[in-house]
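Below is one structure, written out as structure tokens; the observations come after it.
The values are calculated or read from the model by the stated rules, or taken from the named source; none is laboratory data. As the structure is a prediction and not an experimental result, all values here were calculated from the model. Virtual Cβ from ideal backbone geometry, glycine too; neighbours counted across all protein chains shown.
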Amino acid sequence: MTVPTRMFRFRLLATCALAVLLLQVAHPLEAQSPPLGELAKKEQERRKTVKAAAKVFSNKDLPKPPPPADAPGTDALPPPTTPPAVTADGVQKAEKPDERNEAWWRDRMVQAREAQRRGEAFAEALQSRINALSADAVNRDDPFQRAKAAEDRQKAVAELARVTAEIDHAKKEIVAIEEEARKGGVPPGWIR
């Protein structure tokens, strides 16, 4: 016999011995584990008992939420003005000149400026969201996620256009109040 055939025989014999050893070790483990069908039946029985013991919660079981607290800083805002009175025939009653005092003009101007400030803050937030969604749409690999980000971006752009129109309306209202005060002879300090 040559050396290569001896090596081949040795390797073949070692491989067969290893296979027999593995089969002997695996056979007792196989006999000890329960069959898959039995495991499935046990799991099915376990699930039946779990479902029977579970309680389903509904909105009726939840505690009532507390009423919303006033947002911080709302004390500094003036109370909203009451709408002008309307007579039975639908004609707006003219306000008496003495009702248009300094406090009335200041409240009116503060409300107009606050509406403009809120609109501008919301517009800035929307612009940040649009920028983030634009970057997100470009950086997504998944076409569905990219389309969703582009759709959300379009909604934000439409909302920004609406808010921009509100800001323009608030600016025009401020100018109109200033012009009305000027024509009515109101001191400039009242509307600052």
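Observations
- Checking each residue in region 154-192 for being in a helix (DSSP H, G or I) and of a type in the set (Val, Ile, Thr) picks out Val157, Val163, Thr164, Ile167, Ile174, Val175, Ile177, Ile191.
- Count of region 108-143 residues which are under 19 Å from the mean Cα position of the chain (by Cα) and not small (Gly, Ala, Ser): 9
- Only one of the numbered conditions (1) surrounded by fewer than 15 Cβ atoms within 10 Å (Cβ to Cβ); (2) at pLDDT below 90 is not met by Ala176, and that is (2).
- Within region 121-173, restricting attention to residues that are of a type in the set (Asp, Glu) and modelled with pLDDT of 90 or more, the residue that is nearest to Arg192 (Cα to Cα) is Glu173.
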